Amino acid sequence: MILIDGKKTSEILQAEIAEEVLLIKSRGGKTPHLAAVLVGHDGGSETYVAAKVKACDRVGFKSTLIRFEDNVTEEELLNCIGQLNSDADLDGFIVQLPLPKHISEEKIVAAINPHKDVDGFHPVNVGRMVAGLPAFISATPFGIMELIKRYNIATSGKNCVVIGRSNIVGRPMSILLSQKGIDCTVTLCHSRTKNLKAICAEADIIIAALGMAEFLTGEMVKEGAVVIDVGITRVKSDKTKSGWKLLGDVKFDEVAPKCSYITPVPGGVGPMTIASLLYNTLLSSKNEIYK
Ligand code: GUN
């Protein structure tokens, strides 16, 4: 069994980005610039955005953080997005989700210029991905595809089962894995799927992205399967200093011994997401998606 080290792979990808930024700067090019919009004071969002800003510093990007209080109006936020869309120095920006209930996330995401949508959430980027055109791919699917490629995991003709049909992970994963060149035979499973156990037991590759702690058990996985765990559920623990621990969607102790490759939680898919965002920003600064 090979443990897929997302932390190390993310560091390698960030080092590659940093090297390219140095090269761009040495040639007199523009420093890549990412902005993040953060509304309110949600603990999780604060942590994620702080990590994104710190990662920008690490690879030599310029970063801008724009904050609003919880009571910001949709109109104020849309005005801000309009300004960011027309800021020529800015290569990309993200609006950290979730947003307060009185603001439509759909409207906000739709207002972002797809050329600057480095989160890959805009319907234009989603549509381009589905059509097989160059597009910004959202962070988690991009990170998983990168792990699969960098660990030379065989995909052509393999049976791949994706569990969970969310817009940001399961559904895009099902599309990326079935793309020409990757060539998996994909089954997308969800809460209404019948015989899930039997379907999983036939899978060469399983992407567990349903958000239920330790859902995938040993008996659901065949010998030699590749298992990618996207889950992160925080549960109380008396064994950790913080009093909390993170659980994936996979019952690791049962599943890992049967696998050829598996991602741990934490330290698997999670660390890849920030590197993916930086990579999209670099692509944007080089105009590589929308030429
Ligand atoms: N909230 C949780 N994950 C993400 C993400 O990748 N992007 C944004 N904008 N918000 C998030």
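Here, each number is a calculation from the coordinates, and none is a lab measurement. Everything numeric in this text was worked out from a predicted model, so none of it was measured. Cβ: placed from backbone, ideal geometry, glycine included. Neighbour counts: every protein chain shown.
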Stretched out fully, how many nm does the piece from Ser260 to Ile66 gain, at 0.36 nm a residue minus the Cα gap?
65.5 nm
Across 5 Å bins from 0, what is the distribution of all Cα-Cα pair distances for the stretch 1-97, in whole percents?
2, 11, 19, 19, 18, 13, 9, 6, 2, 1, 0
May I ask you to list the aspartates and glutamates whose Cα is less than 16 Å away from that of Lys52, ignoring any residue fewer than eight positions away on the same chain?
Glu11, Asp42, Asp91, Asp117, Asp119
Could you work out the helix-only [θ] at 222 nm for the chain, with each DSSP H run of four or more residues adding -39,500 (n - 2.57) and the total divided by the number of residues, to the nearest 500 deg cm²/dmol?
-11500 deg cm²/dmol
With no solvent and one equal point scatterer placed on each C-alpha of the stretch 172-291, evaluate the Debye formula and give log10 I(q)/I(0) for q = 0.12, 0.17 Å⁻¹, two decimals.
-0.55, -0.95
For the stretch 183-223 the translational diffusion coefficient, Stokes-Einstein from a Kirkwood Rh over Cα pairs at 4 °C and viscosity 1.567 mPa s, in µm²/s, is roughly 117
In nm², the average projected area of the convex hull spanned by the Cα atoms of the chain is 16.0
For the stretch 119-183, which trypsin sites (Lys or Arg not before Pro) pass both filters: DSSP loop (anything but H, G, I, E, B) and at most 11 other C-beta atoms within 10 Å?
Lys180
Rounded to the nearest 0.05, what FRET efficiency do Thr217 and Ala51 have when you use their Cβ-Cβ distance and R0 = 35 Å?
0.65
In nm, to one decimal, how far is the Thr31 label point from the Gln179 one, both placed 7 Å along Cα→Cβ?
3.1
Angle between the Cα long axis of helix 139-150 and the longest principal axis of the chain, 0 to 90 degrees, nearest 10?
60
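Please give the peptides 81-87, 271-277 ranked by average Cβ packing (other Cβ atoms within 10 Å per residue), highest first, as a rough proxy for protection. It would help to have the intermediate numbers written out before the result.
Numbers: 81-87: 14.9, 271-277: 23.3.
Ranking the peptides 81-87, 271-277 by packing returns 271-277, 81-87.
Find how much the distance from Lys194 to Leu133 grows on full extension, using 0.36 nm per residue of separation minus their present alpha carbon separation; answer in nm with one decimal.
Values: separation 61, 0.36 × 61 = 21.96 nm, distance 3.33 nm.
Between Lys194 and Leu133, full extension yields 18.6 nm more.
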Give me the percent of Cα-Cα pairs in the stretch 35-170 that sit more than 21 Å apart, rounded to a whole number.
49
Considering only the stretch 178-291, percent of DSSP beta bridges that pair antiparallel, nearest 5:
35
For a Förster distance of 22 Å, can you work out the FRET efficiency between the beta-carbons of Gln83 and Ala110, rounded to the nearest 0.05?
0.85
Amide H to amide H, which residues 5 or more places from Phe93 or on other chains are under 5 Å from it, using H placed in the peptide plane?
Ala35, Val118
At 0.36 nm per residue, minus the direct Cα-Cα distance, what do Thr240 and Asn159 gain on full extension? Give it in nm, one decimal, please.
25.4 nm
Relative packing of peptides 213-219, 31-37 - highest average C-beta neighbours within 10 Å first
31-37, 213-219
